[in-house]
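What follows is calculated from the coordinates using simple rules that are stated; it is not laboratory data. On a predicted model such as this, the values are computed, not experimentally measured, just so you know. Using ideal geometry, Cβ is built from the backbone for each residue, glycine included, and neighbour counts are taken over all protein chains shown.
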């Protein structure tokens, strides 16, 4: 479909089926899934750990994949991507102890020297968040560089918008798009105001768009400073689910680390309340890891649009019967997270679009 000319809803829906996009991912981005896809086809394993030490939960989960991770990294640069949707609300952001578990693991396999912690925070200056959440201490302790992706090179990526059914350009981090980067998503278990739950995939995709220096959400920012993150939201519940799916072949983690020591329920991803869960999920198939996390949160997987799209296009394993759980049994650690107040609005993606 050529969207340089106006596209109507019927044309768009007809040409953007899951099978078509799966073919696009395979032909336009050959090898996009690299070693992780090959390993997933052999055996899809996800580690579930639990305990009273956040860093140790993460470390033990990673140890379950020691050989596979070392092999998959090879000589690639390691990019550890935390979730800093907020720069001052700790519950909404990746905890330093979770990052320390990752860094200790990388140190144990001799892969620490080529690692960076990189983020483009959503609400304000990235380094303010790094300091508030004590990431700078980790940088000093492990001699790991901290990067503000807003200050790094970017590429333009075009994203769908449901308002006008046209592609819109967004500045995306070149580091996260680079095939030579081994991406570790250091995510959190959180409910969400648009897509039910935010886990390892969404952490990478919505973290990739950058913003202008001086941007701050709300008041107090530099006049005229803009952020490209809202573009990924596609102007609606259908748009954001579609964009997360469509961008997944280029912007997915090679290693998912989901910290559920204290998850967020209710009006996430920033304004929710804590869930004392004390678990961690680790997997080299990001979709399988997100699927396990959804189950642990007591959420109906069928309600999460973008993950269902990805499952339908075989971008990973989402069938719990085909996922081997290493460590703790899921059933022992399920906690029913309260969903966002406007969850019913989010489910509009499940309803057919009325042709205009």
Tell me which helices (runs of 4 or more DSSP H) are completely within region 77-146 and hold 3 or more residues being within 29 Å of residue 230 (Cα to Cα) and touching a residue at least 12 places away in the same chain (Cβ under 8 Å), or say none if there are none.
96-108, 126-132
Hey, residue 331 out of contact with any helix residue (DSSP H, G or I) (no Cβ under 6 Å at 6 or more places or on another chain), surrounded by fewer than 17 Cβ atoms within 10 Å (Cβ to Cβ) and free of Cβ contacts under 8 Å to residues at least 12 places away in the same chain or not:
yes
Just one of 124, 110, 74, 101 is crowded, with 24+ Cβ neighbours inside 10 Å and over 18 Å from the mean Cα position of the chain (by Cα); which is it?
101
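Considering 339, 315, 296, which residue is within 27 Å of residue 80 (Cα to Cα) and touching a strand residue (DSSP E or B) at 6+ places or on another chain (Cβ under 7 Å)?
Values: 339 fails: within 27 Å of residue 80 (Cα to Cα); 315 fails: touching a strand residue (DSSP E or B) at 6+ places or on another chain (Cβ under 7 Å).
Only one candidate passes the filter, namely 296.
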Looking at region 78-87, can you tell me whether even one residue there is surrounded by fewer than 19 Cβ atoms within 10 Å (Cβ to Cβ) and either at positive phi or touching a helix residue (DSSP H, G or I) at 6+ places or on another chain (Cβ under 8 Å) (or both)?
no
Filter region 219-234 down to residues that are part of a loop (DSSP other than H, G, I, E, B) and in contact (Cβ under 8 Å) with a residue 40 or more places away in the chain and give me whichever is nearest to residue 177 (Cα to Cα).
228
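Does region 315-328 contain at least one residue that is free of Cβ contacts under 8 Å to residues at least 60 places away in the same chain, more than 20 Å from residue 206 (Cα to Cα) and assigned to a helix (DSSP H, G or I)?
yes
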With the structure loaded, tell me whether residue 154 is within 21 Å of the chain's Cα centre (by Cα) and over 21 Å from residue 77 (Cβ atoms) or whether it fails that test.
no
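How many residues are touching a helix residue (DSSP H, G or I) at 6+ places or on another chain (Cβ under 9 Å), in a strand (DSSP E or B) and surrounded by fewer than 23 Cβ atoms within 10 Å (Cβ to Cβ) when one looks only at region 235-290?
Number of matching residues: 5.
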How many residues are assigned to a strand (DSSP E or B) and within 30 Å of residue 278 (Cβ to Cβ) if we restrict to region 190-218?
4
Apart from one, (1) more than 25 Å from residue 278 (Cα to Cα); (2) crowded, with 18+ Cβ neighbours inside 10 Å; (3) in contact with a helix residue (DSSP H, G or I) (Cβ under 7 Å, 6 or more places away or on another chain) all hold for residue 187; the odd one out is (1)
Residues within region 153-177 that are in contact (Cβ under 8 Å) with a residue 40 or more places away in the chain, closer than 22 Å to residue 117 by Cα and surrounded by fewer than 18 Cβ atoms within 10 Å (Cβ to Cβ), tallied:
1
